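S.K.: I am attaching a structure below and will ask some questions about it afterwards.
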Amino acid sequence: YNQYYEKEKDVVTGVVQRYVGKNISINLGKADAMLTENEQVKGEVFKPTERIKVYIVEVKNTPKGPRINVSRTHPELVKSEVTEIKDGTVEIKSIAREAGSRTKIAVWSNNPNVDAVGACVGMNGARVNAIVEELRGEKIDIVNWDENPGNLIQNALSPAKIVAVFADPDEKTAKVVVPDYQLSLAIGKEGQNARLAARLTGYKIDIKSETQAKDAPGF
């Protein structure tokens, strides 16, 4: 029990055993864990004996031994491939994740000689690709954290190009102007890019194209 209690809030590799209803029993070595339907990524299907990474959400001590609940949707699952994050050189300042679809991560380096985004992406994208593969093709945007909210919002809306950002730190709102041809990219499919950027930064973001902004009040 103590061994797993220390591992709580950690990413581990387990072996899929079987489906129990819609939940999945996973062997973590000395104990079994349960991946409930709520913690599964929609559309993921596993075969028995398959090895998968999971995040230990909680460990409860019961008369039958530890009961371990794990997750495949938790944002922390994204950290697992980056050595610099494990050793504290690079910090994840914020994560916004729509499991199975897309994640945005804002990172910061505590060492001026280490490029935070570069460390996470890895040589030729090797590290980020390993995470994408583990998460079965989920898209991952890694951007630089910035204490300046305008810069952070601009980074968060990547890959869209931004003309101007007017951020109000007190109201936690921002008005963003983008080139006309970049509007759909900035907003993203079904609003996903803008939604994740808002969650990543904590700002309510209003995006307008240059043409729209000319006539919009407050822009």
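The values are calculated or read from the model by the stated rules, or taken from the named source; none is laboratory data. All figures in this text were calculated on a predicted structure; none of them were measured in a lab. Don't worry about glycine lacking a Cβ; one is built from the backbone with ideal geometry, like all the others, and counts go over all protein chains shown. Ligands, DNA and RNA are stripped out before the accessible areas are found, and what is left, the full protein with its side chains, is counted by its heavy atoms. Shrake-Rupley method; radii C 1.70, N 1.55, O 1.52, S 1.80 Å.
S.K.: Using per-residue counts of other Cβ atoms within 10 Å, averaged over each peptide, order 18-26, 134-142 from highest down. Spell out each step's value before the answer.
M.R.: On the way: 18-26: 14.9, 134-142: 16.9.
Highest mean packing first, the order is 134-142, 18-26.
S.K.: Compare R127, R102, R51 in a GNM of the chain, Cα atoms joined below 10 Å, and give the one with the largest fluctuation.
M.R.: Comparing R127, R102, R51 in the GNM, the peak value goes to R51.
S.K.: Expressed as a whole number of Å, what is the distance separating the alpha-carbon centroids of the range 14-45 and the range 130-146?
M.R.: Value for the Cα centre distance between the two parts: 23 Å.
S.K.: Still on this structure, please answer the following. Rounded, prolate or oblate: which one fits the range 144-219, using the alpha carbon gyration tensor with axes a ≥ b ≥ c (rounded when a/c is under 1.5, else prolate when a/b beats b/c, else oblate)? Intermediate values should be presented prior to the final figure.
M.R.: On the way: a/c = 1.63, a/b = 1.17, b/c = 1.39.
Oblate is the answer for the range 144-219, as a/c is 1.5 or above yet b/c matches or exceeds a/b.
S.K.: Here's a follow-up. Please give me the summed charge of the neighbours of E210: other residues whose Cβ is under 13 Å from its Cβ, Lys and Arg +1, Asp and Glu -1. Numbers along the way, then the final one.
M.R.: Numbers: positive: K161, K175, K208, K214; negative: D180, D215.
Result for the neighbourhood of E210: +2.
S.K.: What pairs in K86/K175; K60/K189; K9/K139; K22/K93 have C-alpha atoms more than 28 Å from each other?
M.R.: Values: K86/K175 36 Å; K60/K189 40 Å; K9/K139 23 Å; K22/K93 34 Å.
Pairs exceeding the cut-off: K86/K175; K60/K189; K22/K93.
S.K.: Say each of M34 and T89 gets a label point 7 Å from the Cα, pointing the same way as Cα to Cβ; how far apart are those two points in nm?
M.R.: 4.1
S.K.: Using a Gaussian network model on the chain with a 10 Å cutoff between Cα atoms, which of N27, N69, N148 fluctuates the most?
M.R.: Between N27, N69, N148, it is N148 that shows the largest mean-square fluctuation.
S.K.: May I ask for the angle, rounded to the nearest 10°, between helix 192-201 and the longest principal axis of the chain, with both axes built from Cα atoms and the value confined to 0 to 90°?
M.R.: Once rounded, the angle reads 80 degrees.
S.K.: Still on this structure, I have one more. Which value, in debye to the nearest 20, gives the size of the charge dipole of the range 1-138 about its Cα centre, when Lys and Arg are +1 and Asp and Glu are -1 at the Cβ? Working shown, then result.
M.R.: On the way: 21 positive and 19 negative charges, 95 e Å.
Around 460 debye, computed over the range 1-138.
S.K.: Relative contact order of the range 150-189, please, whole-number percent, based on alpha carbon pairs below 8 angstrom and at least 6 residues apart. Don't skip to the answer; put the middle values down first.
M.R.: Details: 43 pairs, mean separation 15.2, N = 40.
Relative CO of the range 150-189 lands at 38 percent.
S.K.: Right, another one. Rank G150, S184, A198 by how far each Cα sits towards the positive end of the charge dipole of the range 129-219 (+1 on Lys, Arg Cβ; -1 on Asp, Glu Cβ) and give me just the farthest.
M.R.: My answer, from the dipole projection, is S184.
S.K.: Springs between alpha-carbon atoms under 10 Å, Gaussian network over the chain: tell me which of T36, T201, T73 tops the mean-square fluctuations.
M.R.: T36
S.K.: To the nearest 500 deg cm²/dmol, what mean residue ellipticity at 222 nm is calculated for the chain from DSSP H runs of n ≥ 4 alone, each contributing -39,500 (n - 2.57), summed and divided by the residues? Could the numbers behind the result be given before it?
M.R.: On the way: 8 runs with 54 residues, N = 219.
Computed mean residue ellipticity for the chain: -6000 deg cm²/dmol.
S.K.: Follow-up. At a 1.4 Å probe radius, which order do M34, M123 fall into by accessible area, largest first?
M.R.: Working: M34 55, M123 155 Å².
Sorted descending by solvent-accessible area, the residues read M123, M34.
S.K.: Using a basic spin-label model with each label point 7 Å from the Cα along Cα→Cβ, how many nm lie between A126 and N23?
M.R.: Rounded to a tenth, the inter-label distance reads 4.0 nm.
S.K.: Related question: Counting Lys and Arg as +1 and Asp and Glu as -1, each charge on the Cβ, what is the dipole of the range 71-132 about the Cα centre in debye, to the nearest 20?
M.R.: Details: 8 positive and 7 negative charges, 50 e Å.
Value, rounded to 20: 240 debye.
S.K.: Explain nothing, just the number: dipole magnitude of the range 91-219 about its Cα centre with +1 on each Lys and Arg Cβ and -1 on each Asp and Glu Cβ, in debye rounded to the nearest 20. Please report the intermediate quantities before stating the final value.
M.R.: Numbers: 16 positive and 17 negative charges, 58 e Å.
With only Lys, Arg, Asp and Glu charged at Cβ, the dipole is about 280 debye.
S.K.: Using 7 Å Cα-to-Cβ label points, what is the F166/E210 separation (nm, one decimal)?
M.R.: Result for the modelled spin labels: 1.7 nm.
S.K.: Can you give the % of DSSP beta bridges in the chain that are antiparallel, to the nearest 5? Mind showing how you got there, number by number?
M.R.: On the way: 34 of 49 bridges.
In the chain, DSSP labels about 70 percent of beta bridges as antiparallel.
S.K.: From largest accessible area down, sort W145, W108; use a 1.4 Å probe on the protein chains. Display every interim value, and only then the final one.
M.R.: Values: W145 55, W108 105 Å².
The residues order as W108, W145, largest area first.
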